[in-house]
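K.L.:
Please see the structure below; I have some questions.
Derivation of every value follows stated rules applied to the coordinates shown; laboratory data play no part. All values reported here derive from a predicted model rather than from experimental measurement. Don't worry about glycine lacking a Cβ; one is built from the backbone with ideal geometry, like all the others, and counts go over all protein chains shown.
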Amino acid sequence: MAQWVQQAAPAVTAGVSAYGAAVLTRAQDAAADATVNLGQRVLQTVWRRGDEQGRAELEQVVDDAADEQDEAYTRAVLSRLLKRALQDDPQLWEELSAMVPAPASRVNVTASGERSIAGQHIGTAITGDGHTTPQS
């Protein structure tokens, strides 16, 4: 769940930055950026599933976040809000996780030292002096 929130946060932040509190009720604009649309859909889904008090709180948080100039702070506040909504509504997790694609697997490769090489897929690698390339 925490990983999903981390993935969704940039889109939610972009939606809030672009539309402010209107992100909760605004109809999708076909020309809008995909990230903004994703953030808008996530927030609208959370908003629709909330009760009156939850909606009011979400509107206030989104409104405050839209006025905030510090993107890291905005992302943290919205992430906290999403985590709480997901903890309170397990079915919401299923609905939202279908919206945000799973992250592509990452491979970190590190090489250290003289003549070191690194890579995910390496054919022939020769790192010394006086070698000839093997013939296939």
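K.L.:
Beyond 15 Å, what percent of the Cα pairs of the stretch 61-101 remain?
P.N.:
Distances greater than 15 Å cover 49 percent of the Cα pairs.
K.L.:
What distance in nm lies between label points placed 7 Å from Cα along the C-beta direction at Gln6 and Thr110?
P.N.:
1.7 nm
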